[in-house]
Structures are given as C-alpha cells and as structure tokens.
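A short write-up of the structure that comes next.
The values are calculated or read from the model by the stated rules, or taken from the named source; none is laboratory data. Since the model is a prediction, treat every value here as computed from it, not as a measurement. Glycine gets a Cβ as well: all are built from the backbone with ideal geometry, and neighbour counts include every protein chain shown. Ligands, DNA and RNA are excluded from the accessible area calculation, which covers all protein heavy atoms including side chains. Shrake-Rupley method; radii C 1.70, N 1.55, O 1.52, S 1.80 Å.
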Amino acid sequence: IYDLYINRTTAGVDGTDIGLFASIDGGSVWSTSVVDSNINGHTNVGGIAGYVNNGIIYSSTVRKRVKASDGETTKTANVNNVTGTTDVGGLAGLLNDSQITWYSYNASQVGGTTNVGGLAGEMTGTAATKNLITDSSNRGYMSDTETYAQGYGVISGSTGVGGLVGKMNVTSTT
C-alpha cells in the first residue's frame, strides 16, 4: 500500500487506535507493506495497527520508498511517516499480549512524545510468553541512495523512546 494518508490527531476517540487497521483483536496480519505513509493520530498510532490485542503481525513492513525495489527514492525524506502523541510505533502503537515476528521491520520515520518505538510504542500485558518480538528490526540504512539522513528508521520523541519498543510493561502471572 503506497502513500496511505490518515490525519486524526484530536485527543479522544477520534484520535485513538490509528493505522492501516485501527485495531486487531485476536487476529493476525500477514505480509503487509505500507510505503511512504503519512499516518497522524493522537494515541495508539502505528503503520500497520494502532492497537493489537492477542494478535500477531507477521512478515510486515512500514517503510519509505527504496529506488532499487520501487523504481524511485522516497517522497517523504525527513518527514515523519507515523506520528502521534502517546504509544506510537512504526508497526503498532500498543501491543497487548501480542507479537511482531517473521522478519517484520520498520524503515520509516516515527515521531511522537511518549512511548515511541521503531516497531511498537508500548508492549503491555500479563503473558510474558505472548509478548514477543522475534526476527524483526528497525532499519536505518537501506542503500547507497537511501540513508538515515532521509529518515529511514529514525525514531524521535521525549519520553520512553526506543529503537524497537518505547516502553515494556509486561507482568507475568503464574
């Protein structure tokens, strides 16, 4: 999916759970790619999904254009592709007892204020075995013509900012 545009920045219901999918509850997303997006929300903002509960994101990407595979370089150099205030991630804003796996990656520019991450803004839940990120990455350098200086994999925020996850808040119960 190229050039997806969403602008729902108002605090409250209208600005919550913003992404290609607002929320994934008990489901999965396979092999989905969002390229050169402009996704703006307030809370729980992600390129693939704003909120994921008991779900899995498999082999999915959020990235800028790459000349070698797309025929042209990014149209969004130095521009945030995913933006919000709280729980903002390249792929998912808030993961609850959920996973990102199978070579999923972010190579877009992500910006927010609190809990901002390359893959997920925040991971939370009570099942440590369900909250997993495996074989996935945040990529800042794509080729000789696409670099971090154009915003590939750049993550920015004020509090709780991480290359993969902005905030981990998982408690295990036995």
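Observations on the model:
- Residues in region 77-91 that are in a strand (DSSP E or B) and closer than 14 Å to A22 by Cα: V82, D87, V88, G89.
- Just one of the listed residues (A127, A120) is aliphatic (A, V, I, L, M) and either open to solvent by less than 10 Å² (accessible area, probe 1.4 Å) or modelled with pLDDT of 95 or more (or both), namely A120.
- Hits in region 92-115 - residues which are among the β-branched types (V, I, T), buried (at least 19 other Cβ atoms within 10 Å of the Cβ) and in contact with an Asp or Glu (Cβ under 8 Å, 6 or more places away or on another chain): T114
- Lone unmet requirement of (1) within 25 Å of S143 (Cα to Cα); (2) open to solvent by 60 Å² or more (accessible area, probe 1.4 Å); (3) among the hydrophobic types (A, V, I, L, M, F, W, C); (4) under 16 Å from the mean Cα position of the chain (by Cα) for A68: (4)
- T74 being more than 22 Å from G162 (Cα to Cα), open to solvent by 50 Å² or more (accessible area, probe 1.4 Å) and in a loop (DSSP other than H, G, I, E, B): no
- Every test in (1) under 18 Å from W102 (Cα atoms); (2) over 15 Å from the mean Cα position of the chain (by Cα); (3) open to solvent by less than 20 Å² (accessible area, probe 1.4 Å); (4) not acidic (D, E) is passed by N54 save one, and that test is (3).
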